[in-house]
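What follows is a single structure, written as structure tokens, with notes after it.
The values are calculated or read from the model by the stated rules, or taken from the named source; none is laboratory data. Quick caveat: nothing in here was measured; it's all calculated off a predicted structure. Positions of Cβ are backbone-derived with ideal geometry, glycine not excepted, and every protein chain shown enters the neighbour counts. Please note that ligands, DNA and RNA were not included when accessible areas were found on the heavy atoms of the full protein model with its side chains. Shrake-Rupley method; radii C 1.70, N 1.55, O 1.52, S 1.80 Å.
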Amino acid sequence: MLLQTNPGSVVDIQTSDGKFEYVFMALDAYIKGWKYCRPVIVVDATFLKSTYGGMLLTASTQDGNGKIFPLAFAVVDSENHASWEYFFAKLLEAFGRRAGLCIVSDRHDSISEAVKNIFPAASHGICVYHLLNNVKLKFKKKTNAKALRECFHGAAKSYSVQSFDYFMEQLDAVNVAIRPYLEEIGVKKWARAHCTDNRFSTMTSYTAESMNAAIKAARELPVVTLLEYLRFLTQKWTYTNRNAAICTMTKLTSKAENDLRDNYAISLKIKASTSVTNVHNVFQIDEMPCPHTLAILSSLHLDPYQYCSKFFTKENLLAMYDGVVYPMPSQNNWYLLKLRGLKYFH
């Protein structure tokens with residue numbers, strides 16, 4: 001019925017010996033909107049609390065206004081190699097491959113293995129919040145927690161290798177054993193300056209965790225009811241975010257416009273210089289003029305809006321939400337509609 005009401009969606013049910021095993025859902029509206037998103041996907045899993053248990057796997061990203069853009073959902077038995085491989089295989093079927101794709105998650109081994117098998121060309125970034133908790137737990141003895149947090153975040157969020165090296169030296173002063181541990185995990189997985197593909201500002205899996213928080217009550221529902229709740233929620237978000245885009249009176253999204261103005265206010269205190277070394281890679285990675293860049297642009301009398309990524313524009317936001325998530329008929333009528341061979345029209 002979902003495929004009838006929302007043609008173009010990717011919906012799949014897997015059974016084993018006649019028993020339910022997996023279900024996957026990616027709605028057509030979000031499949032179409034994906035090409036207007038940055039190539040960053042955040043994946044996560046959360047426990048279901050219904051009679052039969054199981055896990056809900058989610059994939060999401062953010063729009064140019066900082067809102068959650070849900071991509072896909074799946075209900076599986078548990079977090080294991082088979083379930084995550086199934087989820088990523090269906091993600092590939094629904095959304096295809098994209099150059100520069102970065103997938104962000106926690107450190108679950110099954111996710112890492114599935115990314116390697118299904119999206120071998122993609123970068124796999126680790127949520128720095130989860131990693132920091134691992135580091136604090138492992139090195140909690142004789143370590144200043146505040147200094148550890150500040151140095152780690154400084155290194156992880158650095159825009160340049162030089163800045164990264166500085167904070168790593170500071171981290172050595174906190175505990176010399178931390179650097180080997182982080183290097184063994186792989187610097188490319190958690191340090192923005194070393195990431196193979198641009199992960200932009202997506203340093204954590206908060207996008208997915210915010211999604212999990214939004215559906216907390218629905219985790220107690222049966223599977224079919226849960227899926228319908230997710231469809232309804234995404235329909236509501238699509239409508240709300242599309243209207244927000246329509247009502248935007250600026251070239252950029254509301255959030256991007258405020259960020260640009262804040263950066264401009266800071267730029268007034270910076271001595272303008274045409275030296276690109278002053279930009280510290282912030283402009284290149286964020287694709288939004290930072291205070292140093294704005295100081296340079298102002299001194300050259302250049303329009304800063306010309307240097308903002310299309311991702312932050314009102315037009316891109318409208319295109320992202322151009323698709324429609326259509327409602328479903330009452331479940332009581334599904335069997336009757338099937339018997340009559342009728343399609344449900346919007």
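Just name the residue that is most open to solvent (accessible area, probe 1.4 Å) out of those in region 25-59 that are under 21 Å from GLU220 (Cβ atoms) and either assigned to a helix (DSSP H, G or I) or touching a Lys or Arg at 6+ places or on another chain (Cβ under 9 Å) (or both). Outline the logic, then answer.
Here is the first cut: in region 25-59, the residues under 21 Å from GLU220 (Cβ atoms) are 25, 44-58.
Keeping just the survivors that are either assigned to a helix (DSSP H, G or I) or touching a Lys or Arg at 6+ places or on another chain (Cβ under 9 Å) (or both) gives 25, 46-50, 56.
Numbers: MET25: 8, THR46: 13, PHE47: 137, LEU48: 17, LYS49: 108, SER50: 28, LEU56: 0 Å².
This residue is PHE47.
Of GLU85, GLU79, GLU150, all but one fail to be surrounded by fewer than 23 Cβ atoms within 10 Å (Cβ to Cβ), outside any helix (DSSP H, G or I) and of a type in the set (Asp, Glu); the exception is GLU79. Here ARG98 meets each of (1) closer than 26 Å to SER9 by Cβ; (2) open to solvent by 90 Å² or more (accessible area, probe 1.4 Å) with one exception, condition (2). Is it fair to say VAL104 is assigned to a strand (DSSP E or B) and either touching a residue at least 24 places away in the same chain (Cβ under 8 Å) or of a type in the set (Val, Ile, Thr) (or both)? The answer is yes for VAL104. The residue list ASN198, ASN117, ASN134, ASN212 contains one member that is in contact (Cβ under 8 Å) with a residue 60 or more places away in the chain and either within 26 Å of LEU48 (Cβ to Cβ) or of a type in the set (Ser, Thr, Tyr) (or both), which is ASN212. Set side by side, the residues ARG231, ARG199 differ, and just one is part of a loop (DSSP other than H, G, I, E, B) and among the basic types (Lys, Arg), which is ARG199. Working only within region 125-147, note down all residues that are closer than 25 Å to PHE283 by Cβ and either assigned to a helix (DSSP H, G or I) or open to solvent by 40 Å² or more (accessible area, probe 1.4 Å) (or both). Matches in region 125-147: VAL128 only.
Just to verify a result, which residue in region 41-54, among those that are touching a Leu at 6+ places or on another chain (Cβ under 8 Å) and of a type in the set (A, V, I, L, M), is farthest from VAL76 (Cα to Cα)? Per the stated criteria, the residue is ILE41. Going by what's in this entry, would MET211 be described as aliphatic (A, V, I, L, M), under 22 Å from PRO39 (Cα atoms) and in a loop (DSSP other than H, G, I, E, B)? Against the criterion (aliphatic (A, V, I, L, M), under 22 Å from PRO39 (Cα atoms) and in a loop (DSSP other than H, G, I, E, B)), MET211 does not qualify.
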